[in-house]
Every structure is written in structure tokens, then in C-alpha cells.
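The values are calculated or read from the model by the stated rules, or taken from the named source; none is laboratory data. Small disclaimer: the values here were computed from a predicted structure and weren't measured. Heads up, the Cβs are rebuilt from the backbone with ideal geometry, glycines too, and the neighbour counts pull from every protein chain shown. In case anyone asks, the SASA skips ligands and DNA or RNA and just uses the protein heavy atoms, side chains included. Shrake-Rupley method; radii C 1.70, N 1.55, O 1.52, S 1.80 Å.
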Amino acid sequence: MFLDFFYNLRSHGLKVTTHNWLALMEALAKGLHEESLSGFYQIARCILITNEAHFDEFDRAFAESFRGVKDDRAAILDDLEEWLANPKRLLHLDPELAAALKSLDIDELRRQFQERLAQQKERHDGGNRWIGSGGTSPFGTGGHHPSGVRLGGGGGRSALAVADARRFRELRRDLVLDTRQIAAALRRLRKLTRDEGDPELDIDSTIRATARNCGDLEIVMQPPRKNAVRLLLLLDVGGSMDPHAELVSRLFSAAHQAGNFRELRSYYFHNCVYGSVYEDARFNNAVRTQELLTTLDPSWFLVIVGDAYMHPGELMMSGGDWWMDGRGPTGMTWLARLASRFPRSAWINPEPKKLWTTGTIAEIAEVYPMFNLTLEGLDAMVRHLRRPPSPARAAQVARLAQTG
Amino acid sequence: MPYSPAMQPFLGTDSYIVSPELSRAVSVAITLQRPLLIKGEPGTGKTLLARDIARYYDLDLERWHVKSTTKAIDGLYTYDAVRRLHDSRFSEGKVSDIRDYISLGPLGRAFKRDTQAVVLIDEIDKADLEFPNDLLHELDAMEFTIMETGESIAARQRPVIIITSNNEKELPDAFLRRCVFHWIDFPDRELMTRIIRVHHPDVEEQLLAGALEAFYNLRDVDGLRKRPSTSEFIDWIAALRHAGFDPAKLLGAGLPFLGTLLKKEQDFATVERRTRRGVRRS
């Protein structure tokens, strides 16, 4: 049953490490749970989980693993005992877990486990047996421990009731909360460099130079550290984007307030990028897309925000500007040209991920790596943008940019 | 006690109320000798926890308030090279003894103590992304070497380490793995009542009940940018009592001293809109 709990946690996407699992064993061995399931719940959570966003998943896994435990105390005690008596079971791991454990020496693991087991035996010999149904033991049911497996604490709520209540749902990371959090995510995009600005005193170099100079003061100056990242933000507005307007405006203000980018330019488009984008959301001041392609160098980061959801014709047929200069390239070509000019690019899509496999969204995801407009998605996007662009994708995008 | 950790479980002090979960997390951290990482809404008493653990166990407290410019080494020691340079130019002090220019930081001082100390690393997320990684070894092994003198300092008594974070930056996995983690949940009414009684022991029953009702209603208002927290509630009660406010009026529209509870302009507008609608409905 306890091993099931471990697997359950992992299948809920919680990266519980063996390291922490062993720490939990240690805590149990020291009796920190005070013979109660709620105590076990509390210590398991504070040791195994390191992010409040995972509390909800933890609660669900806990409830799944221990539902019905209250009615079946004897079984849980047997299971626990058996499990702890057979640490070798840990050798029969599923491939996923085994891969995760590869970095850890399995012999070392076994040694640690047996050491711990030995400790427990000593405690047992000392009359303080920690699993069983005897009166003074943890997980006991007897009169010496009023709390027993039943749940202690002043609250009187059982661990399962607590787990079932899913109090931490609102802390999940796949929901976007406020501007400040978005800003915190975007701030990680920064790349600090020193190449311009009013010089400041470089104390370390000054000391070194002065020491070399036999103690005569030699001042060394250097330019201050500044964020070197330039960001081009293209925002889809109107139509199918209306339900997401509030969220997108938060993202927009966060990027402006706290991004501290060296340069940040934002333009608007409707549905798909064609020959022009607009400086304002009312589409009054047009800027030619070609101009962006030629004036901005490839070191710019490109982030497009949109639902990528449109009629296939809008993506594949000549675009909105054809009545200006005949048949222009298709929307897809424009998107590919942008992606090809700015290799570090990403697409933020406020629609739920399950819709991404269909229609124009899937087409666009071929060109732009797509991320959700959630904290988790933004984190993933920042990680993606910080990595060097993949040559395979670049080649594919270049091909698309040629056609049309 | 069926077990014998070196200490009694932490049950809070006369000015600090703990939930059973937090108390358990503190025990786990102390017993397993791991840092305790505390997160939670602002104003839920993250920083005060370290002070009260120190007070409860009668230990000394070392505070390390992290800022955006703080480097990991600052917590261990600092070498004041500029002062040494200055002294050398004007022949003051004992320039030849480098130890005169090294002062220990909060962690360093805690390591050097003969008695166990509590170290508070406050708002660790304010510092650079790499900051927690730079502390991994020092927190694991509880020792470090002063590069300038070669002296190595190992903890005589492993300090109890309390770390707080406001979630502004993600902490690295390797660091998180070594911590015991607790999220201070927002107190429910029952716990809140106890907390208020600690701060205002002689608060009138009627006022407290009315204020609690109004406060939790306010927190439930949709779309608040910053929901009022415990510390703001405590201030608010103080303000109400100072003004001798009639508790019966608390449940009507328009809360008094709203500025103690709400800190953002948009929130005032949100609440105002809400109350006006509520009044019309009733």
C-alpha cells in the first residue's frame, strides 16, 4: 500500500525522489507522525512536496492511496510492516522510476535502506516497536494512544477528509494569477551584459589594479549590467480573442512594467499576420511586416500571442493586404518568414492545450513552439527561448518561408 | 512521548499561533536537520516564525535579510578590502592582519556559536537565481572556508535554518530537494479568532464577531488584486477599537478604515462596485 502511494505520487506527475522518500522513512522511524494518519499526511507532504502548486495533486494521490484505510487498519499495518521488511522490492522498479534512479547507485541505496531498517529493529528491541497493534506502538489501535490511527490534532478532520477537500486547488500552477507573477516569469528572460551606459566603479578590479600598483590607488570603471534582451511582441486582438482580452492585457502590462528589456516593441494583428501589423489595437497606424523583417536583427526575441484559430483559408490563401499590392504571400508564409528571421521565437496560446492538435493551430505549431498562457506555460516558454534554437526547425521554417 | 527528538514539538508562543501542520513541519525540519522553507500569502507570519521558534526553544536568532544584490558569500563572511586599502594608505589599524578585515555573516556567526542558533534567511527569492545553488554545500555540510585566510569554519551545533520565500522566482530543484517545505495556509475563522485574541486579548466579543464576518466577506470579493491578510486584519481591529466603532454597523455597506485592509486603488473600486450592487439587491 505504501509503495502504491509512492507510485501514485509519481503517476500524478509529482517528482518524488528516492532521496526524499528515504527522508520520509527516517521521519517515520523517529516517530514524528505521532501514530496518526493525519500526522503521516503532514510529514509526507512537507518532505515530499516542495511547491504549493503540487499540493492539490498530492491530496488527490493521497486520497486515492488511502481511501478506505480507516476501515481496514489491520491491513495497513500488515502492509506497512511487510513493505518495510522487504526493501528489496525497491529493485523491482518500473522503467520510468528506474531511469530516474539511474543517477543513484543502487547498492548505496540498498545499504542506506538496510541501515535504516536496522535502526528500526533496534528500536523494536528496545520495546518501542513502531509498527504493530501493540498498545504503545505508532499506528497502534490501543488505549495508550488516544490518537491511534485515528486522527489527532485539534481540528478533528481526518487526513483523508483534508486530502479530499482539495483546498489547494487554487494554488495550481496551470492557472494564471496576476500581473506580478507573469512579470516574475518574464524577468527570467533577461540576459545581463555590460556594454553601454554610464560607467560605475568596479571595486574588485580597482583593488587588484591598486595592489599591482604597489598600493597607489588605480580606479577601474566599467559599464553597469543591463538586460540585453530585445523583445518583439505581436498580439492578436478581436474576434475569437475577445474572451482572452483580460488575460492578454495582463501579460502585456507585465511585459512593459517589469520586463526591463533593452527594447520592447509590440504590434497588433487580427487573426493572422499579413503584410502589415498595427501599432494600436484599432488598426490605424500600420507598420509593414517587411520593415520589421529588415530593420530588426535576428537577436530579437519574437513572442506572438494569439489563439491561432482561424478559417484555414485565412492561413493558406493570400493575405489581407492583397488589394493593396495584388496577391501577396499567404499568412503562413509571413509567419514562417518572421520565425525564420527571429530564430528565438515562441507562440503563446490562451486556448486550452487539448484544442491544439486540430486545424490551423496544429499548422502554426509546426512553425512556432506553442505555450499556454499560464504560469507553467510561460515558464516553459522562457526555458525554450533561453535555449539555442533547433537547427531542424530552422531548416523547416526556412523552407516554408521560401514558398508562397 | 513515544519518540525522543532533541526537542519538544513547537507549539507556538504567547504571541504566535501555529497550526498543527506547521508545528509538525517544524519538528520534521529540526529532527531531520534540514532547512525549513516557508511560503505563503504575504502577511501570514512567515518571517515571525523564526523569531518565535528561537524564543520558544530559547535559542539565539541570526537574521539574514536577502536583497536583490545579496550574494551567497555575504551570509558566510565579508572581506572589507576597501577599508584595508584605506588603512594601508593612511597607516591606520593592523593592515598586516587580514583577519581584522573579515567579518562573519549571519550563517558564519551561527556556525561559530557554542550554542545552537536559529538562522532566518528571509525572502530568499529576492536574490539572484543562482543564489540558492551557491548555498547548497554550506547548508548540507554546515561548513565553509574563508578564502582569504584559509581558515575553515564548521558548525559546532547545526543551526535550525528557516527560509522564507515570496515566490518571485522559482527555486532550483536541487535546493528544494534538501528542504522541508511548508505553505502557510490562510487561517480559517477559528484559528484567526485565536490569533486576534493573542494580539488584542481584551477585544469585545461583538466587535470581533462582526469584524471577522466583514473581513472574510471582503476576502471573498472576486477580482481583488491583493486580498487583505492577517497582519492587516490585526491593524484594522486596532483601528476599529481606537475609534470606538459600533460593531453593529460593520455589517452594513461601506466598511470603515478600508485603507488599512486594501492597498490597491483598483481594489477599492472593485469593493465599492460590489457593495453598491449588494445594497441594491437587499
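All but one of (1) within 20 Å of the chain's Cα centre (by Cα); (2) surrounded by fewer than 18 Cβ atoms within 10 Å (Cβ to Cβ) hold for residue B:125; which doesn't?
If we test residue B:125 against (1) within 20 Å of the chain's Cα centre (by Cα); (2) surrounded by fewer than 18 Cβ atoms within 10 Å (Cβ to Cβ), just (2) comes out false.
Let me spell it out: the conditions are (1) modelled with pLDDT of 85 or more; (2) open to solvent by less than 30 Å² (accessible area, probe 1.4 Å); (3) in a helix (DSSP H, G or I), and residue A:302 meets all of them except one. Which number is the exception?
That leaves (3) as the condition not met.
Kindly indicate whether any position in the range B:65-73 is farther than 26 Å from residue B:233 by Cα, hydroxyl-bearing (Ser, Thr, Tyr) and open to solvent by 40 Å² or more (accessible area, probe 1.4 Å). Spell out the reasoning first.
Within the range B:65-73, the first condition is being farther than 26 Å from residue B:233 by Cα, and the residues that meet it are B:66-73.
Those still in the list that are hydroxyl-bearing (Ser, Thr, Tyr) too: B:68-70.
After this cut, where a residue has to be open to solvent by 40 Å² or more (accessible area, probe 1.4 Å) as well, the list is B:68-69.
Scanning the range B:65-73 turns up at least one residue that is farther than 26 Å from residue B:233 by Cα, hydroxyl-bearing (Ser, Thr, Tyr) and open to solvent by 40 Å² or more (accessible area, probe 1.4 Å).
Exactly one condition in (1) at pLDDT 75 or above; (2) open to solvent by 10 Å² or more (accessible area, probe 1.4 Å); (3) farther than 20 Å from residue B:25 by Cα is false for residue A:72; which is it?
(1)
Taking residue B:140, is it open to solvent by 70 Å² or more (accessible area, probe 1.4 Å), farther than 13 Å from residue B:79 by Cβ and touching a residue at least 60 places away in the same chain (Cβ under 8 Å)?
Values: open to solvent by 70 Å² or more (accessible area, probe 1.4 Å): yes; farther than 13 Å from residue B:79 by Cβ: yes; touching a residue at least 60 places away in the same chain (Cβ under 8 Å): no.
When the stated conditions are applied, residue B:140 does not pass them.
If a residue must be under 26 Å from residue B:254 (Cβ atoms) and among the aromatic types (Phe, Trp, Tyr), how many such residues does the range B:175-230 contain?
Residues meeting the conditions: 3.
Can you name every residue in the range A:210-258 that is charged (D, E, K, R) and either over 36 Å from the mean Cα position of the chain (by Cα) or open to solvent by 30 Å² or more (accessible area, probe 1.4 Å) (or both)?
A:212, A:216, A:218, A:225, A:226, A:230, A:242, A:246, A:250
Starting from residues that are without any contact (Cβ under 8 Å) to a residue 24 or more places away in the chain, assigned to a helix (DSSP H, G or I) and closer than 14 Å to residue A:309 by Cα, keep the ones in the range A:346-404 and report whichever is farthest from the other protein chains (Cβ to nearest Cβ).
Step by step, filter the range A:346-404, then rank; the result is A:362.
Cβ contacts < 8 Å: first residue away from chain A (no Cβ under 14 Å), restricted to the range B:32-56; second residue part of a helix (DSSP H, G or I) and at pLDDT below 90, any location; separation 6+ or different chain. Result?
Qualifying pairs under 8 Å: B:43/B:230; B:43/B:231; B:43/B:232; B:45/B:230; B:45/B:231.
Taking the condition within 25 Å of residue B:114 (Cβ to Cβ) and at pLDDT below 90, does residue B:60 pass? Give the derivation first.
On the way: within 25 Å of residue B:114 (Cβ to Cβ): yes; at pLDDT below 90: no.
No.
Within the range B:1-96, which helices (runs of 4 or more DSSP H) (wholly inside it) include 3 or more residues that are within 18 Å of the chain's Cα centre (by Cα)?
Values: elements: B:20-32, B:46-57, B:72-76, B:81-90.
Because the criterion is at least 3 residues that are within 18 Å of the chain's Cα centre (by Cα), the helices (runs of 4 or more DSSP H) in the range B:1-96 that meet it are B:20-32, B:46-57.
Table: residues versus (1) touching a helix residue (DSSP H, G or I) at 6+ places or on another chain (Cβ under 7 Å); (2) facing chain B (nearest Cβ under 10 Å); (3) surrounded by fewer than 21 Cβ atoms within 10 Å (Cβ to Cβ).
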{"residue": "A:11", "(1), (2), (3)": "no, no, yes"}
{"residue": "A:18", "(1), (2), (3)": "yes, no, yes"}
{"residue": "A:22", "(1), (2), (3)": "yes, no, yes"}
{"residue": "A:25", "(1), (2), (3)": "yes, no, yes"}
{"residue": "A:30", "(1), (2), (3)": "yes, yes, yes"}
{"residue": "A:42", "(1), (2), (3)": "yes, yes, no"}
{"residue": "A:54", "(1), (2), (3)": "no, yes, no"}
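With (1) hydrophobic (A, V, I, L, M, F, W, C); (2) in contact with a strand residue (DSSP E or B) (Cβ under 7 Å, 6 or more places away or on another chain); (3) surrounded by 19 or more Cβ atoms within 10 Å (Cβ to Cβ) as the list, and residue B:104 as the residue in question, which single condition is left unmet?
Failed condition: (3).
Kindly indicate whether residue B:69 is within 14 Å of chain A (Cβ to nearest Cβ), of a type in the set (S, T, N, Q) and over 28 Å from residue A:210 (Cα atoms). Step through it out loud before you land on a result.
Numbers: within 14 Å of chain A (Cβ to nearest Cβ): yes; of a type in the set (S, T, N, Q): yes; over 28 Å from residue A:210 (Cα atoms): no.
No, not satisfied.
Conditions tested, residue by residue: (1) surrounded by fewer than 17 Cβ atoms within 10 Å (Cβ to Cβ); (2) farther than 30 Å from residue B:97 by Cα; (3) in contact (Cβ under 8 Å) with a residue 24 or more places away in the chain.
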| position | (1), (2), (3) |
| --- | --- |
| B:160 | no, yes, yes |
| B:166 | no, yes, yes |
| B:179 | no, yes, yes |
| B:187 | no, yes, yes |
| B:197 | yes, yes, no |
| B:205 | yes, yes, no |
| B:220 | yes, yes, no |
| B:223 | yes, yes, yes |
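Quick one: in the range A:180-209, of everything that is open to solvent by 50 Å² or more (accessible area, probe 1.4 Å) and modelled with pLDDT of 80 or more, which residue is nearest to the other protein chains (Cβ to nearest Cβ)?
Looking at residues that are open to solvent by 50 Å² or more (accessible area, probe 1.4 Å) and modelled with pLDDT of 80 or more, I get A:203.
Determine whether the range A:331-345 contains at least one residue that is out of contact with any Asp or Glu (no Cβ under 7 Å at 6 or more places or on another chain), modelled with pLDDT under 85 and in a loop (DSSP other than H, G, I, E, B).
The answer is no; no qualifying residue exists.
Among the residues that make up the range A:318-329, is at least one of them modelled with pLDDT under 85, out of contact with any strand residue (DSSP E or B) (no Cβ under 8 Å at 6 or more places or on another chain) and hydroxyl-bearing (Ser, Thr, Tyr)?
no
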